[in-house]
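What follows is calculated from the coordinates using simple rules that are stated; it is not laboratory data. Because the structure is predicted, anything quoted here is derived from the model rather than measured. Positions of Cβ are generated from backbone atoms using ideal geometry, with glycine treated the same way; all protein chains shown enter the neighbour counts.
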Amino acid sequence: MRKFTITKEYEGLSIFDFFNEKELDFVPVAYSINNNLVPHDTIIKENDFVESFSQTHKIGYSVYKESLAFLLSYVIKTLMPKGNFEVSHTISKSMYGLFRDGKLITNNDIVKIKARMKALIKADLPFKIRRVAREEAIEIFKNIGNRDEKYKYGDKFPEEIPMYSIGDDISYSDYYYEPLVPSTKYLEKFDLIPFMPGLLLRLAKRTNPSKLFAFTEQPKIFDMIAETNRITNILELSYMTSLNRQIIEGRGKEIILIGEALQEQKLAEIASHISLNSYKYQIVMISGPSSSGKTTFSKKLKVALMAHGHKPILMSLDDFYFNRDNTPLDEDGNPDFENVHALDIELFQDILTRLINGEEVEPPVFNFNTGLREYNGKKIKKDRKSTIIIEGIHGMNPILTNKVPRHMKYIVYVTALTPLNLDSSNHIKTSEARIIRRMVRDDRFRSLNIEKTLSLWPNVRKGEENNIFKYQELADIYFNSSLPHELNVLKVYAEPLLKKVDQDSKYYIDAQHLLNILRYCEPLDAKWVPSNSILREFIGQGGLDD
């Protein structure tokens, strides 16, 4: 990342040409002017503050991924013009692409697609930008027959829209909500592999762009994607445009209640399975990344098991944190709360073993205000109808429960896989939905302002990579806590927070990125969200709150 203030001699250059003249120790793939991400052909002016970002920077890496997805979509559109192709979710660090209308992508198709992509990359074709007024762009989207109905965003679009195309071929152009790389040569590192009924676009590592991420099978993730698609089909939703339409037509309450009911069905299935196998399951481990809804899911599961005649015991791994002064430090010397060794593993294992053996125990309660473990005199004891539910980000880590045989454990991985993309070109990442959840919760219940939440997020994500994601295939079942309507509800709370971030803040680009997602979501009143909804964990007034 390099920063400059523009002097008069450079005024009138494009930001790409300006940085092309500089002797940098990295190759820029993304650019900003006055803390706003801009296309590479944007003209700079005197006194502008400019930055460039490499592919190893989080901003540059995001631009690389979106640009590669655009190149893939362009090639598929030219080779296979019939059908509605989209790049949707991430599986094993790869982007999953498929035709929404069910058309299969064969191995032979993939050979042709890959060859065409490599040829375009070798040709170093520019990503050309044609700026059009909002009304013209809407007509373009109407005329090309977007099945995602992108044109229905209407005045949610900015007044001027950059339409991207590859080289001189404007037969396929599209609007991406953030900039793309300057040309195809920046996309050299990729691979395509078959993944029925579509394909996987394998990506370069952010920390080492010369290497691809290793691919590992993740069948449970794929099953959850299929389940999520089933739910959106029941709700007659395809993209955010269709949800917006139903909200405008007055069906917002109905959408919320159906979406919540479908999620309840899944939770009931999990509770039923645990109940039927309670003779062998001594503990149920609930794990998942930050803001995935683990806490509320655990409480709801406890109630569901009680309805089956059980007397579950609910424990939180957070209560087993060491006193804050004894928390291990990361490489920068900061407390590393994401590290499994921030937990008193010995104490946890002792209490768990005694519980399983039928002893009465008094677990600690961690006071997050004082940073100390406390004991309130509340004791618990397990009987034959008691299943121990243990919730926390490290729930899948074998080190915590290595004294309990595997067949006595049932592991649930809770995540927040976004059900809807904005449209076929612009998808909403799971991490983006989770940070929006977290910033709302932090502001409302943890006295943390938006910039503090954004400052903590990189370490949270790093901790997830090191301590959570590598264990996710150990789970017996995945539960998607995301709801089709949640961004529309969260928009009401999140937008005012994000708009407070000043333009000179180091988190301004992050805030604008999230605002750019929320601008396309029609707001939805939270009054229809049930009191036991997972969404209540973040917006409040939940019926399951202690």
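Below, the figures for the structure above:
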read-out	value
Trypsin sites (Lys or Arg not before Pro) within region 276-350, DSSP loop, no more than 12 other Cβ atoms inside 10 Å	Lys280
Region 440-546 - percent relative contact order, Cα under 8 Å, separation 6 or more	32 percent
In order through region 186-193: 3J(HN,Hα) via Karplus (6.51 cos²θ - 1.76 cosθ + 1.60), integer Hz, x for Gly, Pro	6, 10, 4, 8, 6, 7, 10, 9
Under 17 Å from Lys211, Cα to Cα: aspartates and glutamates that are on another chain or at least 8 residues apart	Glu188, Asp191
For region 169-257, the fraction of alpha-carbon pairs in successive 5 Å shells from zero, as %	3, 9, 12, 14, 15, 16, 15, 10, 6, 2, 0
Using θ = phi - 60° and Karplus 6.51 cos²θ - 1.76 cosθ + 1.60, couplings along region 410-419 (whole Hz; Gly, Pro as x)	10, 10, 10, 9, 9, 9, 10, 6, 5, x
Given charges at beta-carbon only (K, R positive; D, E negative), |dipole| of the chain in Debye	1520 debye
Over region 79-203: Kirkwood hydrodynamic radius from C-alpha pairwise inverse distances, Å	16.0 Å
Among Val529, Asn516, Leu347 - extreme Cα towards positive end, dipole of region 219-539, charges at beta-carbon	Val529
Flagged links, alpha-carbon separation over 21 Å, of Lys185/Lys429; Lys93/Lys470; Lys65/Lys205; Lys294/Lys385	Lys185/Lys429; Lys294/Lys385
Positive-end extreme of charge dipole, the chain - chosen from Thr430, Leu235, Val132 (charges on Cβ)	Leu235
Above-threshold pairs, the threshold being 30 Å between Cα atoms, out of Lys280/Lys381; Lys122/Lys462; Lys220/Lys302	Lys122/Lys462
Two-decimal Rg/Rh across region 359-466, once Rg and the Kirkwood Rh are taken from alpha-carbon atoms	1.04
Calculated P(r) of region 2-54 - Cα pairs past 15 Å, %	34 percent
Beta bridge orientation in the chain: antiparallel %, DSSP, nearest 5	70 percent
Protection proxy ranking, peptides 383-394, 430-441, average beta carbon neighbours within 10 Å, highest first	430-441, 383-394
Electrostatic dipole magnitude of region 350-479 [Cβ: Lys, Arg +1; Asp, Glu -1; Cα centre; debye, to 20]	280 debye
Amide H partners (placed H, <5 Å) of Arg2, local residues excluded	Ser52
Global geometry of region 219-539, whether rounded, prolate or oblate, following the gyration tensor of its Cα atoms and the 1.5 cut on a/c	oblate
Convex hull of the chain built on C-alpha atoms - directionally averaged projected area, nm²	25.9 nm²
FRET E, pair Thr353, Ser210, Förster distance 51 Å, beta-carbon r, rounded to 0.05	0.60
Cα lying deepest toward the dipole's positive end in region 95-175, options Tyr96, Thr106, Pro162, charges on Cβ	Thr106
Low-density loop cleavage sites - chymotrypsin sites (Phe, Trp or Tyr not before Pro) in region 326-374, where at most 14 other Cβ are within 10 Å (DSSP)	Phe368
Three-way shape label, region 231-326, alpha-carbon gyration tensor, a/c 1.5	oblate
Hits among lysines - C-alpha to C-alpha of Lys142 under 16 Å, sequence gap 8 or more where chains match	Lys150, Lys152, Lys156
Over the chain: helical MRE at 222 nm, DSSP H runs n ≥ 4 each giving -39500 (n - 2.57), nearest 500	-11500 deg cm²/dmol
Anisotropy class of region 435-546 from Cα gyration tensor, a/c 1.5 cut	oblate
Inter-label distance, nm, simple model (7 Å from Cα along the C-beta direction), Met80/Phe368	4.5 nm
Charged-residue dipole, Cβ positions (Lys, Arg, Asp, Glu), region 219-539 about Cα centre, Debye nearest 20	940 debye
³J(HN,Hα) computed for each position of region 47-61 - Karplus, 6.51 cos²θ - 1.76 cosθ + 1.60, integer Hz, glycine/proline x	6, 5, 9, 10, 9, 10, 10, 7, 5, 7, 7, 4, 5, x, 5
Under-5 Å amide H pairs with His89, H placed in peptide plane, nonlocal only	Tyr96
Amide proton proximity set for Asp336, modelled H, under 5 Å, gap of 5+	Leu329, Asp330
Percent RCO, i.e. relative contact order, over the chain, from Cα pairs under 8 Å lying at least 6 residues apart	15 percent
